[in-house]
Amino acid sequence: MINAFWWGGGNGNSKGIHWLAWERLACPKDKGGLGFRNFEAFNMAMVAKQAWKILQNPDTLVARLIKARGCIPTRRRLLERHVDCDVHCPLCEDEVEDDVHAFFTCASAQTSWQAAGLSSVLGSAACQQGSAVDRVFAVCRNEDYATIGRVAMLLWSIWQNRNDKIWNDNLRSPIQIGRAAFDQWNEWIAVHKLRSNDDQVDPPVSTSRWEKPRIGWLKCNVDAAFFVSAGRTAMGACFRNNSGEFMAGITQWQQLTLSTEEGEAWALLQAMNEAKSRGFESVQFESDSQVLVDAIRTKRRGNSEFLSIVNEIILVMLSCVNFEVKFIRRQVNSVAHNLARAANSWTSFHRFEIIPSCIELLIINEMQVDFPYSANKTEDPRSQDRTDKAERKKNEEKREDEEKDKKDNKKPQDAEIIIISSDSEAEENEDDADYVEFLASYVPEEEQEEEEQEQNPDPIEISSEDAEEKSEISSEFYPSD
């Protein structure tokens, strides 16, 4: 229809000449195309969207209607609708193809479930009885959000591969189907994380000291230890809450020598499984293996033992959406390191509900607080020492202020004589002695003026009238001869 509209002439000729292939027209404009919508992909996306709504809301009317009628055109159902066709499975060619066989019991389908990391779901009680629709709705009721999404993606991939075999004679291996479903789910979840700004593109900068997790989260430090002479690989993990308090811990060892990367990956996987078994939902795992953290962040794929363990870790993180992995420096991971080194002291698997003695002081020194790990609380000596120093400094400053106030309030004539006995300050002693002598003989200017006036009184001036009066008085008392 679009071709007819775009290339058809205006004279009623609906064919026209197709100057460009449809794949070119459907490319985005920034990649050289015309930006036409790919209707096949768009239709598939809309169908998948409706299917997802039905899976999420199994009690709606449309969901119950589809469940009652069934909508998968398997060969058995086509035969029931009087369509003449071969009823055997086009993949295994052994059994009759119905919806249960196509998605659950076919050997090819079961291999795809295993390759997608969903063998435990396939083996659960929810997938053992009823029709295919019953089993899918049972999975929706019993599994978490991430597992339901992966199951839906796998079912779609299995059916897509079946149709590709029938119509195009193109068949992929069951392992490829499972891996493709796994990758497609990862791509889908990554896009949604980017849209919600939850996906961190750049790895966070590692710190030089242990930090508490955010409120509502736990932090798990994990590390591996290698005992080459004994042929053992061990791990240790320590869980702490947002107050820094010890919550739980585990140690485990196996009689197998792994490489450094494999051991670190195995240790992290065991710590995640322990968190799941304890019901910890929001956990930030810290490892000092940069190679491991980068492999998880970039979702590296491969056939090595290390990458196989990494894939298992990614599967756990997909089922537990609030599991995070972060790289830290080795010196910050000393608690998990010491715990892993001490793993040989216990059985091959050991859980801790109270803080073990091998990491007790490390946690106290890192957090610088008291922990309720025993009946008698032990104070951090460094914290007490800092308190004493601060108190002494405060008292010294107070004395200095008092002495300064005293000096400021003294009069010059009341100045004290300060004797300095240091031989290296002889010159200063002479200056101080001169200054003290000056202060002892110091007389204010007003007193100096009064003394001068007493010693040198001002001359008295006598007027002519006073002089005549004085002469008369003198003649009376002192007559002349």
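If you take the residues of the stretch 129-145 that are outside any helix (DSSP H, G or I) and out of contact with any Gly (no Cβ under 8 Å at 6 or more places or on another chain), which of them is modelled with the lowest pLDDT? Result: Asp144. When the test is whether a residue is at pLDDT 90 or above, surrounded by 22 or more Cβ atoms within 10 Å (Cβ to Cβ), closer than 21 Å to Leu118 by Cβ and not hydroxyl-bearing (Ser, Thr, Tyr), Met235 does not pass it.
Scanning the stretch 77-106 for residues that are assigned to a helix (DSSP H, G or I) and either closer than 18 Å to Val136 by Cβ or in contact (Cβ under 8 Å) with a residue 60 or more places away in the chain (or both) yields Arg77, Asp99, Val100, His101, Ala102, Phe103, Phe104, Thr105. For the stretch 347-357, the tally of residues that are surrounded by fewer than 18 Cβ atoms within 10 Å (Cβ to Cβ) and either assigned to a strand (DSSP E or B) or in contact with a strand residue (DSSP E or B) (Cβ under 6 Å, 6 or more places away or on another chain) (or both) stands at 4.
Taking the stretch 313-344, which residues are small (Gly, Ala, Ser) and either free of Cβ contacts under 8 Å to residues at least 60 places away in the same chain or touching a helix residue (DSSP H, G or I) at 6+ places or on another chain (Cβ under 8 Å) (or both)? Once the filter is applied, which keeps residues that are small (Gly, Ala, Ser) and either free of Cβ contacts under 8 Å to residues at least 60 places away in the same chain or touching a helix residue (DSSP H, G or I) at 6+ places or on another chain (Cβ under 8 Å) (or both), the stretch 313-344 yields Ser319, Ser334, Ala340, Ala342.
State yes or no: is Trp167 part of a helix (DSSP H, G or I) and under 29 Å from Val310 (Cα atoms)? No. Look at (1) of a type outside the set (Val, Ile, Thr); (2) at pLDDT below 70; (3) within 50 Å of the chain's Cα centre (by Cα) and you find that Asn57 fails only one, number (2).
For the stretch 27-38, which residues satisfy the criterion of being farther than 15 Å from Phe5 by Cα and either assigned to a loop (DSSP other than H, G, I, E, B) or among the aromatic types (Phe, Trp, Tyr) (or both)?
Result: Cys27, Pro28, Gly32, Gly33, Gly35, Asn38.
Return the residues of the stretch 277-296 that are touching a helix residue (DSSP H, G or I) at 6+ places or on another chain (Cβ under 7 Å) and part of a helix (DSSP H, G or I); say none if nothing qualifies.
Once the filter is applied, which keeps residues that are touching a helix residue (DSSP H, G or I) at 6+ places or on another chain (Cβ under 7 Å) and part of a helix (DSSP H, G or I), the stretch 277-296 yields Val291, Leu292, Ala295, Ile296.
For Ile328, the criteria (1) touching a strand residue (DSSP E or B) at 6+ places or on another chain (Cβ under 7 Å); (2) farther than 19 Å from Thr260 by Cβ hold in every case but one, which is (2).
The values are calculated or read from the model by the stated rules, or taken from the named source; none is laboratory data. Please read all numbers here as calculations on a predicted model, not as lab measurements. Backbone-built Cβ (ideal geometry, glycine too); neighbour counts: all protein chains shown.
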